[in-house]
There are 2 protein chains.
Amino acid sequence: MYSIGTISARTGVKVPTIRYYEEIGLMPAAGRSSGNQRRYDGRGLDRLHFISHARGLGLSLEAIRHLLELSDKGRDCADAHQIAARHLSDIRARIARLQKLEAELERLSHSCDHAPGAPCGLIEALGDHGQCLGDH
Amino acid sequence: MYSIGTISARTGVKVPTIRYYEEIGLMPAAGRSSGNQRRYDGRGLDRLHFISHARGLGLSLEAIRHLLELSDKGRDCADAHQIAARHLSDIRARIARLQKLEAELERLSHSCDHAPGAPCGLIEALGDHGQCLGDH
DNA sequence: ATAGAACCTCTAGTGACTAGAGGTTCAAGA
DNA sequence: TCTTGAACCTCTAGTCACTAGAGGTTCTAT
């Protein structure tokens, strides 16, 4: 049996975060010691590893909750793949958007010649969307 | 003079969001009609355009607040460029991270052969960080 | 037995909004 | 001038995924 501090150290998930996961039902209510402290077994540790890993991949807690349910039920992985596919396309969309912003911001930075006394071209450009190429 | 609804329509910023910007001091407190409704002039509209554009580029309200101060003071654009540069490197870091996640998630999806009855390889892989390449 | 690290619950705060309740004002048409 | 209803007002509370702090209790090692 592990204390909350132990599984925190093993998974890298902070102690208050573990309690938060329990509060929202992502982690099952842990067993308690005689003095009311949480005690976890290997399954609890595994589950927290799963959550931590999926969070690291950027999945929302809602998606993880869904994945955990599928895992608990034990079969039919089509749904799991759908969740992963949705997340993947979401990631790709975010990359595309960030790349547009990157280009735009770089362009705006170059629209200023740093002339002393003159207004900053970058600030002007921020005020005037008309100068922009993209649709942000 | 424009009503809050009018500048909302012109900038695409929702009405409650404009009130929120005023509450946190990003928009100056607007003048009022005799019946206590907000009234904006061209400067208010410009300022909201600026904020909306910068938000669209992904800048935080804190960064925008800073930029607005620089703009109000009117000269020395080095600080503005520093803010933009910081944001640009932040965007690049986020792109790099998302690209890692993309690769990892794609790999995990392929680690399942969809055999009926067998446990889902994707879910197994999510539980076991040891299988991973990256450091997410 | 004791010290102090780790644990407990509870409340409140973060960023950037969004939603809703309950009430008031404005502008256009009759 | 009156009426209608769209737009406005303030205030509170909720979102996501935590994080911080107060004030108190339990565990573990010496």
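The values are calculated or read from the model by the stated rules, or taken from the named source; none is laboratory data. Every value quoted in this text rests on a predicted model; they were computed, and no experiment measured them. Reconstructed Cβ throughout: ideal geometry from the backbone, glycine too, with neighbour counts over all protein chains shown. What goes into the accessible areas is simple: the full protein's heavy atoms, side chains included, and nothing from ligands, DNA or RNA. Shrake-Rupley method; radii C 1.70, N 1.55, O 1.52, S 1.80 Å.
Here are some notes:
- Note that the range B:27-36 has calculated 3J(HN,Hα) couplings of 9, x, 4, 6, x, 10, 6, 4, x, 6 Hz, one per residue in order, obtained from phi through the Karplus relation 6.51 cos²θ - 1.76 cosθ + 1.60 (θ = phi - 60°); glycine and proline are x.
- The chain B residue nearest the rotation axis shared with chain A, using its Cβ and rounding the distance to whole Å, is B:95, 3.
- Peptide B:57-67 is shielded by partner chain Cβ atoms: per residue, an average of 2 of them sit within 10 Å of its Cβ.
- Proximal aspartates and glutamates relative to residue A:100, as straight alpha-carbon distance under 16 Å, when same-chain residues fewer than 8 apart are discounted: A:90, A:135, B:90
- Sequentially through the range B:98-103, phi angles give Karplus couplings (6.51, -1.76, 1.60; θ = phi - 60°) of 5, 5, 4, 4, 4, 4 Hz, Gly and Pro residues having no value and appearing as x.
- Accessible area per residue for chain A, computed on protein heavy atoms with a 1.4 Å probe, is 56 Å².
- What the Cα atoms of the range A:4-73 give is an Rg and a Dmax of 11.8, 37 Å.
- Here the Karplus curve 6.51 cos²θ - 1.76 cosθ + 1.60, taken at θ = phi - 60°, turns the phi angles of the range A:9-17 into couplings of 5, 6, 9, x, 8, 5, 3, x, 5 Hz, with x standing for Gly and Pro.
- Compared with the alpha-carbon gap, the fully stretched path from residue B:10 to residue B:32 is longer by 6.0 nm at 0.36 nm per residue.
- The residues neighbouring residue B:20, those whose beta-carbon lies less than 15 Å from its own, together hold a net charge of +3 under the Lys/Arg +1, Asp/Glu -1 convention.
- The mean number of partner chain beta-carbon atoms within 10 angstrom of a residue's beta-carbon across peptide B:37-49 is 1.
- Remark: accessible area buried at the B-A interface is about 3900 Å², both chains counted, probe radius 1.4 Å.
- In summary, the protein assembly as shown shows an alpha-carbon radius of gyration equal to 1.34 times the 2.2 N^0.38 Å reference for compact globular proteins.
- Tilt relative to chain B, helix B:42-56 - C-alpha long axis, 0 to 90 degrees, to 10: 10 degrees
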